[in-house]
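Shown next, in C-alpha cells, is the structure this report addresses.
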Amino acid sequence: MVQLLYFGRLSDVAGKSEEALTLPETVTTTTELRSWLDLRFEAEGALLEPTVRLAVNNEIVFDPHPVRGGDEIAFMPPVGGG
Amino acid sequence: MMTVSADPIDAGAALSAFETDIGGAGGIVSFTGRVRPDSKHGSVATLHLQAYSPMTERGIEQAIAQTEKRWPLSGLKVIHRIGDMAPGDTVVFVAAAAMHRRDAFEAADFLMDYLKTNAIFWKKEVTDQGVVWIEPRPQDYEENARWALTEDA
C-alpha cells in the first residue's frame, strides 16, 4: 500500500485529498505513477505537468524516482504562498 | 518560535507574549496579515489554506534560520493559520526583535516575503463568483526558485 496525497487543485481533479491503495506491479517510479493515475482520474494531463512536483516521504523528488509499498507520495501543484 | 495551526490567531495577545519572551531588546516590529474582503476573483466569503506537514513547517524553519543569519536579532516569531478563514481573520503574524530598529524591520519584511511567495501553502478562494485555487503565473516559477528552499534540505 502507498498513501497518496493530492494538494491544491489536484484534490478537485482526484475528487479526494488522500487515499491509500496498492500500486499495480507495472508502477515502480514516479513517472509511471503519474501516467497511471492521470488515466485513472481521466485528468487529461493534469498530473503529468512538470510544474506539479512529487514528494516521496516528505522530500521533493525528480522523475523518475522509485516508489514502493509504504511510501507517502504527495502531488504538489505550484504553491500559492500564504 | 513558529506555529502553523488552524486555531484563530489573536495578534494582540501574540505580540504581548512575544514582548514578555524577548525581555530587554531595543525594538520590536510586528506584522499582522488579514484576509481581504475583496480579490480580483470577487467578494471573498472564505479563504482556505492547505499546508503539507511537516514540509511546510520545515520550509518556514529554514527561512527563520536564514533571517537569523542575516540580521542580528534577539527574537523572532511566526504564526501562520491554515484551514477556513473569513475576511478580517488574521492569516499570519510575524514579529522580530533587535537592538536596532532597521534590523527588526528588514527581518520581518524578509520573512513576510518568504511566507507570501515561497512558503508551502495552497490557497483557495470562495467568492460570490465561484471557487478558485490561487497559483502563481508560469513566469513566477520558471526559474524553479519556488522550490530552492525545500530542495536544499
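Bear in mind these aren't lab numbers, they're just calculated from the coordinates by the rules spelled out. What you are looking at is a predicted structure, and each value in this text was computed from that prediction instead of being measured. We place every Cβ from the backbone using ideal geometry, glycine too, and count neighbours over all the protein chains shown.
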- Note on the structure: Considering residues that are under 22 Å from B:Gln50 (Cβ atoms) and either among the β-branched types (Val, Ile, Thr) or in a helix (DSSP H, G or I) (or both), the number found within region A:45-68 is 5
- Is at least one residue of region A:25-44 part of a loop (DSSP other than H, G, I, E, B), within 11 Å of chain B (Cβ to nearest Cβ) and closer than 23 Å to B:Glu135 by Cα? no
- Task: Considering (1) assigned to a strand (DSSP E or B); (2) on the phi > 0 side of the Ramachandran plot, say which one B:Gly88 fails and leave the rest.
- Result: (1)
- Given the residues B:Gly23, B:Gly27, which is the only one that is more than 15 Å from the chain's Cα centre (by Cα), at positive phi and away from chain A (no Cβ under 14 Å)? B:Gly23
- Task: Please identify the pairs in which a residue from region A:64-82 that is more than 13 Å from chain B (Cβ to nearest Cβ) has its Cβ atom under 9 Å from the Cβ atom of a residue that is among the acidic types (Asp, Glu), counting only partners at least 6 apart or on another chain.
- Result: A:Pro64/A:Glu32; A:Val67/A:Glu32
- Task: Kindly establish whether A:Glu19 is surrounded by fewer than 20 Cβ atoms within 10 Å (Cβ to Cβ) and touching a Leu at 6+ places or on another chain (Cβ under 8 Å).
- Result: yes
- Filtered residue count, region B:109-130, keeping only those that are surrounded by fewer than 17 Cβ atoms within 10 Å (Cβ to Cβ), polar (S, T, N, Q) and within 20 Å of B:Ala95 (Cα to Cα): 1
- Taking region B:45-74 on its own, how many of its residues are surrounded by 19 or more Cβ atoms within 10 Å (Cβ to Cβ), closer than 21 Å to B:Ser5 by Cβ and not polar (S, T, N, Q)? 8
- Task: Assess whether A:Glu25 counts as being under 19 Å from B:Phe121 (Cα atoms), charged (D, E, K, R) and loosely packed, with under 15 Cβ neighbours inside 10 Å.
- Result: no
- Filter region B:74-121 for residues that are without any contact (Cβ under 8 Å) to a residue 12 or more places away in the chain and more than 15 Å from the chain's Cα centre (by Cα) and give the result. B:Arg102
- Message: Only one of B:Ala17, B:Ala65, B:Ala13 is free of Cβ contacts under 8 Å to residues at least 12 places away in the same chain, within 20 Å of A:Gly81 (Cβ to Cβ) and assigned to a helix (DSSP H, G or I). Can you tell me which?
- Response: B:Ala65
